[in-house]
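Student: Before I ask anything, here is the structure I am working with.
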Amino acid sequence: MNSYFEFEYYPKINQKIIERHEQIIISNRDKWESPFFTDTTSYLDIAKIEGVAKEYVNEKIKNVIVLGTGGSVQTLLALKHLAKKNLYHITSSRAVELKHCLDTTNPEESIVIPISRDGETLDVNSTIGTFLKKDYSFLGLSSKGTMHNILSKIGCPILEVPDLSGRFAGSVSNVGILPSLLLGININEFLKGLNDGYEKFMGFEVNPALEFSSFLYGLYLKGYKNVFSMPYSITLEGSVGLFVQEISESTGKNEKGLIGTFQSAPLCQHSVLEYLLGGTKGAVIPILWTVENESEDFLLSSSIDYVNNKTAQTVVNYQADATFQALLDQVVPTAKISITQSDEYSIGILISFIQSSIYNLCLLLDVNWSNNPKVIIGKEIGNKYLKETISPAKRKDTRRLLAASKFQQDFYKD
């Protein structure tokens, strides 16, 4: 597996510190549920998935339209670049994306897959009726609630969504595997990569996931709070999105944690790098993500001698290494995560690394890795406003009064 994956970071952590962190992880792991996500078989009935999907795995279906958000779709987005059909990912009723999907697809060549564990996700439920009205075919992923009732009434096939933490469950359940299968992605190779990765990364001998979580925890203790990812390939952006969600939602509770952010690279070198190199130190941890061999790579023609006849991705990866070195030169703790290629097996390994690292980091921080109790606050407010048709002016007035009651008048004083 080492030939598929590499983790490099600086400054290096003393072995005794890693061993001390390992003991914290061991002492805290029984406080919360076991990491179900390492089980790549129990939550999947591949035969059933293939049986339900067979009607749609044909040349007639050209578009897979997924209505979902957050953990329901992030694993799928990590595999998106491997799709053999068109994937339309609709996160909500944002007008531009929804209209583009409706304008560029048709019911005869499309299948719509709404995904929601509890069936009450407004972002999903608000768009279902629009596709129903236009006679699109549906294949549901839900177990209860409003969405399940809607789909049951139209008689479409519905597969269960397990009652598990969604951001960790996508890779080992119907949620990520069914849409991937319909898109022509090799799910068996992906699951093999996951399984092989967990065998390596979830052990307590020194391994890259343990080192990464120890690296992040050590910097957190020094006051760092933002982990800024720089993916140097579009094929990594879905996986980085999963990392951003998991580190933010899993560690960010009990007034602890780190927030994940990212911008495509090398674009971010022209917008964010100046801050990373010359701005406030001790706040941001840059993480570079690279692919050594891109399947779509090709030779560049250039009048610049040292660029001509190098592959496109090679030039980008040179920039990544140069940025890595520049950050170290300015005394910025930095890490680089690399995979040899971005096929299904390698993405499986990468996701297993991400999820193992986040699990360890949560235990180091002494927080529940699987829940996200505060997210419901905004959802309840949004539903109330919609049901009662509260005007923008009234919503603004509510915010003004709330802020006055929550923040002290001398909030900005030294």
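The values are calculated or read from the model by the stated rules, or taken from the named source; none is laboratory data. Just so it is clear, the structure is predicted and the values come from calculations on it, not from any experiment. Please note: Cβ atoms are built from the backbone with ideal geometry, for glycine as well, and neighbour counts cover all protein chains shown.
Here is a yes/no grid of residues against (1) outside any strand (DSSP E or B); (2) more than 30 Å from Y198 (Cα to Cα); (3) assigned by TED's automatic domain parsing to the domain that holds Y359; (4) at pLDDT 95 or above:
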{"residue": "E108", "(1), (2), (3), (4)": "yes, yes, no, yes"}
{"residue": "I111", "(1), (2), (3), (4)": "no, yes, no, yes"}
{"residue": "G119", "(1), (2), (3), (4)": "yes, yes, no, no"}
{"residue": "N125", "(1), (2), (3), (4)": "yes, yes, no, no"}
{"residue": "I150", "(1), (2), (3), (4)": "yes, yes, no, no"}
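Student: Shifting gears a bit: Being out of contact with any strand residue (DSSP E or B) (no Cβ under 6 Å at 6 or more places or on another chain), surrounded by fewer than 21 Cβ atoms within 10 Å (Cβ to Cβ) and over 24 Å from Q23 (Cβ atoms), is that true of even one residue in the stretch 202-217?
Tutor: No: zero hits.
To keep it simple, each residue is scored yes or no on (1) over 20 Å from the mean Cα position of the chain (by Cα); (2) closer than 20 Å to E294 by Cα.
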site	(1), (2)
L181	no, no
G184	yes, yes
L191	no, no
V206	yes, no
F215	yes, no
G218	yes, no
V227	no, no
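Student: Okay, next question. Within the stretch 157-189, take every residue that is assigned to a loop (DSSP other than H, G, I, E, B) and of a type in the set (S, T, Y) and give me the one that is modelled with the lowest pLDDT.
Tutor: Checking each candidate, the answer is S165.
To keep it simple, each residue is scored yes or no on (1) surrounded by 10 or more Cβ atoms within 10 Å (Cβ to Cβ); (2) closer than 30 Å to A83 by Cβ; (3) without any contact (Cβ under 8 Å) to a residue 40 or more places away in the chain.
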position: E344; (1), (2), (3): yes, yes, no
position: L350; (1), (2), (3): yes, yes, no
position: S356; (1), (2), (3): yes, yes, no
position: W369; (1), (2), (3): yes, yes, no
position: K374; (1), (2), (3): yes, no, no
position: I381; (1), (2), (3): yes, no, yes
position: T398; (1), (2), (3): yes, no, yes
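Student: Would you mind telling me which numbered condition in (1) over 30 Å from P107 (Cβ atoms); (2) touching a Ser or Thr at 6+ places or on another chain (Cβ under 8 Å); (3) of a type in the set (V, I, T) I65 fails?
Tutor: I65 satisfies all of (1) over 30 Å from P107 (Cβ atoms); (2) touching a Ser or Thr at 6+ places or on another chain (Cβ under 8 Å); (3) of a type in the set (V, I, T) except (1).
Student: Among what's in the stretch 101-126 and is hydroxyl-bearing (S, T, Y) and under 30 Å from G348 (Cβ atoms), pick the residue that is surrounded by the fewest Cβ atoms within 10 Å (Cβ to Cβ).
Tutor: Taking the stretch 101-126 and keeping what is hydroxyl-bearing (S, T, Y), we get 104-105, 110, 116, 121, 126.
In the following step, the residues that additionally are under 30 Å from G348 (Cβ atoms) were identified as 105, 110, 116, 121.
Numbers: T105: 20, S110: 22, S116: 29, T121: 23.
Of everything passing the filter in the stretch 101-126, T105 is surrounded by the fewest Cβ atoms within 10 Å (Cβ to Cβ).
Student: Cβ-Cβ under 6 Å, sequence separation 6+ or interchain: first residue in the stretch 42-61 and under 20 Å from E109 (Cα atoms), partner at pLDDT 90 or above and assigned to a loop (DSSP other than H, G, I, E, B). Which pairs?
Tutor: That search, which allows pairs on different chains as well, returns V52/P157.
Student: What's the number of the only condition in (1) farther than 30 Å from V332 by Cβ; (2) crowded, with 17+ Cβ neighbours inside 10 Å; (3) modelled with pLDDT of 95 or more that K192 fails to meet?
Tutor: For K192, the failing item is (2).
Student: List every residue pair whose Cβ atoms lie under 7 Å apart, where the two residues are 6 or more positions apart in sequence or sit on different chains, the first residue falls within the stretch 134-152 and is more than 23 Å from E108 (Cα to Cα) and touching a residue at least 24 places away in the same chain (Cβ under 8 Å), and the second residue, located anywhere, is among the charged types (D, E, K, R) and buried (at least 21 other Cβ atoms within 10 Å of the Cβ).
Tutor: Listed pairs, sorted by first residue: S143/R117.
Student: Would you be able to say whether some residue in the stretch 284-291 is loosely packed, with under 14 Cβ neighbours inside 10 Å and touching a strand residue (DSSP E or B) at 6+ places or on another chain (Cβ under 7 Å)?
Tutor: So far as the stretch 284-291 goes, no, none of its residues is loosely packed, with under 14 Cβ neighbours inside 10 Å and touching a strand residue (DSSP E or B) at 6+ places or on another chain (Cβ under 7 Å).
Student: Taking the stretch 63-100 as the region of interest, how many residues are without any contact (Cβ under 8 Å) to a residue 40 or more places away in the chain, crowded, with 16+ Cβ neighbours inside 10 Å, in a helix (DSSP H, G or I) and touching a His at 6+ places or on another chain (Cβ under 9 Å)?
Tutor: Residues meeting the conditions: 0.
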